[in-house]
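Colleague: Sharing a structure with you now.
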Amino acid sequence: MKIKSSVPFFLELTALVSLAMALSFEIFAKGITLEFPLQGGRIDYKNYSYFSHMVFGYFPVPMITGIMTALALLLIVLDIILKRNKQIYKATFTCSVLAVIGAVLSITVANPINICVTILLAISGLCLLGVGKKISENSVVE
């Protein structure tokens, strides 16, 4: 096996693992923290999952982030099975970028799980960017 051909696979595998870990963190019930003002100037903090309807009613970005993460995970699995299809790669990269943007926007209160999700999604986005560069290098050479 050539080293050139194994680099995109390693990057895709790293992106796959990062997306799977991010999705598992997003399912946790403490993924997003919302602030609720109380009487007397106090603030009540409540934790919710990225997929909670309560969060969607107040701030829809976390649920969209979760959906984009799940879609990117499904697409990267299809991309690996179909041997680097360019259209599927572009859709995967787009979903990953949208998930990263949503994760950054959904950091309202510093929450360790939310920060881990953002970092994992950024890692997957960078890996997919590296795969795209390798795909474009290989298509130029051929």
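The values are calculated or read from the model by the stated rules, or taken from the named source; none is laboratory data. What you are looking at is a predicted structure, and each value in this text was computed from that prediction instead of being measured. Counting neighbours? That spans all protein chains shown, and the Cβs are built from the backbone with ideal geometry, glycine included. Heads up: the accessible areas ignore ligands, DNA and RNA and are worked out on the full protein's heavy atoms, side chains in. Shrake-Rupley method; radii C 1.70, N 1.55, O 1.52, S 1.80 Å.
Colleague: Over the stretch 5-142, what percent of the accessible surface lies on carbon and sulfur atoms, probe 1.4 Å? Please list the in-between numbers first.
Modeller: Numbers: 5500 of 7600 Å².
Here carbon and sulfur together make up 72 percent of the probe-accessible area.
Colleague: Pairs of Cα atoms under 8 Å, at least six residues apart: use those to get the relative contact order of the chain, whole percent.
Modeller: 32 percent
Colleague: With the Cα gyration tensor of the stretch 75-125 giving a ≥ b ≥ c as the square roots of its eigenvalues, does the rule (a/c under 1.5 for rounded; else a/b larger than b/c for prolate; else oblate) give rounded, prolate or oblate?
Modeller: On the way: a/c = 4.48, a/b = 2.61, b/c = 1.71.
Judged from the Cα gyration tensor, the stretch 75-125 comes out prolate (a/c at least 1.5, a/b above b/c).
Colleague: Another question about this same structure. For the stretch 1-96, what does the accessible surface come to per residue with a 1.4 Å probe? Please give it in Å².
Modeller: Details: 5840 Å² over 96 residues.
Value returned for the stretch 1-96: 61 Å² of accessible area per residue.
Colleague: Measure nothing but the geometry: give the 0 to 90° angle between the long axis through the Cα atoms of 3-27 and the longest principal axis through the Cα atoms of the chain, rounded to 10°.
Modeller: Between helix and principal axis, roughly 20 degrees.
Colleague: Something else about it: Nearest 10 degrees is fine. How inclined is helix 61-81 to the longest principal axis of the chain, computing both from alpha carbons?
Modeller: Helix 61-81 and the main axis of the chain meet at about 20 degrees.
Colleague: Moving to a separate point now. Leaving ligands, DNA and RNA out of it, rank 113, 119, 107 by accessible area with a 1.4 Å probe, largest first. The partial results should precede the final answer.
Modeller: On the way: 113 35, 119 90, 107 70 Å².
Largest accessible area first, the residues go 119, 107, 113.
Colleague: Further, regarding this structure: Select from 105, 80, 33 the residue farthest towards the positive end of the dipole of the chain; place +1 on Cβ of Lys and Arg, -1 on Cβ of Asp and Glu, and compute about the Cα centre.
Modeller: 80
Colleague: Taking 22 Å as R0, compute the FRET efficiency from the Cβ-Cβ separation of residue 17 and residue 56 and round it to 0.05.
Modeller: On the way: r = 28 Å, r/R0 = 1.25.
Efficiency at R0 = 22 Å is approximately 0.20.
Colleague: Next up: Using just the helices of the chain, give the 222 nm mean residue ellipticity in deg cm²/dmol: DSSP H runs with n ≥ 4 each add -39,500 (n - 2.57), and the total is spread over all residues, rounded to 500. Please report the intermediate quantities before stating the final value.
Modeller: On the way: 5 runs with 102 residues, N = 142.
That comes out to -25000 deg cm²/dmol.
Colleague: A further question on this structure: Using only Cα atoms, find the angle between the long axis of helix 86-105 and the longest principal axis of the chain, and express it within 0 to 90 degrees, rounded to the nearest 10.
Modeller: 30 degrees
Colleague: Enter the accessible area of residue 74 (Å², nearest 10), with the probe set to 1.4 Å and all protein chains included.
Modeller: 100 Å²
Colleague: Still on this structure: Roll a 1.4 Å probe over the protein heavy atoms and report the accessible area of residue 43 in Å², nearest 10.
Modeller: For residue 43, solvent-accessible area is about 80 Å².
Colleague: Given springs between every Cα pair under 10 Å in a Gaussian network model of the chain, which of 54, 21, 68 has the largest fluctuation?
Modeller: 54
Colleague: For the chain, just list the percent of Cα-Cα distances falling in each 10 Å bin from zero outward, please.
Modeller: Answer for the chain: a P(r) of 12, 40, 25, 14, 6, 2, 0 percent.
Colleague: Something else about it: Using a Gaussian network model of the chain whose springs link C-alpha atoms within less than 10 Å, name the residue from 62, 112, 37 with the highest mean-square fluctuation.
Modeller: 37
Colleague: So, one more: Can you tell me the FRET efficiency between residue 110 and residue 46 if r is taken as the Cβ-Cβ distance and R0 is 22 Å, rounded to the nearest 0.05? Can you show the working numbers first?
Modeller: Details: r = 15 Å, r/R0 = 0.69.
FRET efficiency, residue 110 to residue 46: 0.90.
Colleague: Under a crude label model (7 Å from the Cα following the beta-carbon direction), how far is residue 24 from residue 85 in nanometres?
Modeller: 2.8 nm
Colleague: Probe radius 1.4 Å, ligands and nucleic acids left out: which of 127, 116 has the largest accessible area, and how do the rest follow? Mind dumping the intermediate values first?
Modeller: Numbers: 127 15, 116 55 Å².
Result of the area sort, largest leading: 116, 127.
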